[in-house]
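> I have a structure I would like to understand better, so I am pasting it below and will then ask my questions one at a time.
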Amino acid sequence: HQSVTEMAEALSAEGEAGSAVQREPVMIHLQRVTDRAAMRRVTVTTDGKGQLTQFTVSNGSAPQLNFKNARALAVTLNEMCSGENSFVFVRAAKWADIPSELWWHVVKNMTQKEGRAVSCSYKTIAQTVALKSFVWVHEQIHLDIMQASDAVRTDKRTNLPMNIVEGEVFVGRSRNNNVVLLRDTELSKEHCRLWRDARGDIWIQDLASTNGTKVNGEFLRPEGAEGSDAGKAGRCKSEQRRLIVNDQIKLGLTTLALKTGYVEPRVEHPPAAAADVVGGGGE
């Protein structure tokens, strides 16, 4: 616990020294010792001179604590990392598609060296996950625009880029969605949804949109479709498809992509009470 306090005080002293180096936000991941599902993310932000401007303690996607004082940071971290129910520092896992982020991290824990081949059974994996020394946190992933019209790119109501953390992310022309592509008239009001499961995998499903949803150039298959029926979803929901980093999602005239890294969330706009879409082909 002493090292936690010293780290925060050192950060404060560095800010007072007025370092001119521009710094990116520092992300600190914490995991409760008695409950590995309980995660906290601490974001420390400094200005161009290295002075502490703000730090946020988050649980999932909702910020819980916001401070602009280095001493408050030291006190908060010291309290979180003290006692029987304390938190410990963990390192975020790297994304890998074999077959999911979780199992790849298990292999890394077993070998202690990334990339080394290992032979193991399901029983061995289960035993590794049960170890108190095993820690795991999802890689930070966000959704952003890859290709779009100028009207969509300049529209601040899109809420993009957006971190994919917990819960569902709905995409469409309606302002009731999390991602609002109001200026793309080829989209439906509620076009598709994305979500992240407990293992960290990200999924997508078309919500019976008029013009369908493509992933890497291929339409999502309608639920239960076989053979030649695997075209665009049309007027029924599509099957659920797992996504990986750099997958391209084409909705109407707009292409979105999954990217690694955390982005500062945009201020959310309240849902519109009246007419909330621009006229177009989707519903």
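The values are calculated or read from the model by the stated rules, or taken from the named source; none is laboratory data. Remember, predicted model here, so these are calculated numbers, not experimental data. Cβ coordinates were reconstructed from backbone atoms using ideal geometry, including for glycine residues, and neighbour counts include every protein chain displayed. Accessible surface areas use protein heavy atoms only, side chains included; no ligands, DNA or RNA. Shrake-Rupley method; radii C 1.70, N 1.55, O 1.52, S 1.80 Å.
> Can you tell me which residues in the range 189-205 are modelled with pLDDT under 95, assigned to a loop (DSSP other than H, G, I, E, B) and open to solvent by less than 30 Å² (accessible area, probe 1.4 Å)?
Selection gives GLY200, ASP201.
> Ok, one more. What are the residue pairs meeting all of these: first residue in the range 236-257, first residue of a type in the set (Lys, Arg), second residue open to solvent by 20 Å² or more (accessible area, probe 1.4 Å) and not in a strand (DSSP E or B), Cβ atoms under 7 Å, and 6 or more apart or on different chains?
Matching pairs, first to second residue: LYS237/LEU207; LYS237/ALA208; LYS237/GLU223.
> Identify, by number, the condition in (1) at pLDDT 75 or above; (2) aliphatic (A, V, I, L, M); (3) within 30 Å of GLU168 (Cβ to Cβ) that ALA37 doesn't meet.
(1)
> Scan the range 260-281 residue by residue and report those that are crowded, with 17+ Cβ neighbours inside 10 Å and modelled with pLDDT of 55 or more.
Within the range 260-281, just TYR262 meets the criteria.
> Restricting to the range 158-173, count the residues that are open to solvent by 10 Å² or more (accessible area, probe 1.4 Å) and part of a loop (DSSP other than H, G, I, E, B).
5
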